[in-house]
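What follows is one structure encoded as structure tokens, with my remarks underneath.
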Amino acid sequence: MRLLIWHVDRFRAEPTERGRSKVADAEPRAVAVEDALVVFAAAEKQDEAEPDAVAERATAAIEEVARQLGARTVVLHSFAHLFVELSAPAIARAILNTMEQRLAADGYTTSQSAFGWFNRLELHAKGHPLSRVARQV
């Protein structure tokens, strides 16, 4: 799994059009947060072998960055544009759901943008050295 983690002043994702995937939110909703981490995540084909382990490593990587920055809010955004061989959509969805559950259990305020949809994004990123972090887990 590849992660691109942005520390933002504010972020909004508004679903605009359903994508081609058969796995998509039936009733997509907009997400809006302030002072948060936004995690653009791409599940890879190799992640299909151990989705729970991948979710655990991804959650740990996100929490490490969150601790360094004092962030308590996390948005997970499925992002199939990180130049990888993608996993099946159902696996990606399951990994993201597990990550969201683990983050919430650890005390983070969490949400996900609409899965399987194109979104209009508004992102106002902070400008410090850790405001953009890439991880491969």
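Skipping prolines and chain starts, which residues have an amide H placed within reach, meaning under 5 Å, of the one on ARG10, given they are 5 or more residues away or on another chain?
ASP35, HIS124
Could you give the length gained on full extension between ALA30 and ALA53, defined as 0.36 nm per residue of separation minus the Cα-Cα distance, in nm?
In short, 5.4 nm is gained.
Would you please give the residues with an amide H less than 5 Å from that of GLU44, counting only those at least 5 places away or on a separate chain, with H modeled from the backbone geometry?
Result for GLU44 returns ARG2, SER87.
Distance between the C-alpha centers of region 5-43 and region 98-132? Whole Å please.
So the two Cα centres are separated by 7 Å.
Calculated from the structure, volume of the Cα convex hull per residue in Å³ equals which of [x] 95; [y] 119; [z] 106?
So the calculated entry is the one marked [x].
Taken together, the values in this text are just the output of simple stated rules run on the coordinates, not laboratory data. This is a predicted model, so every value here is computed, not measured.
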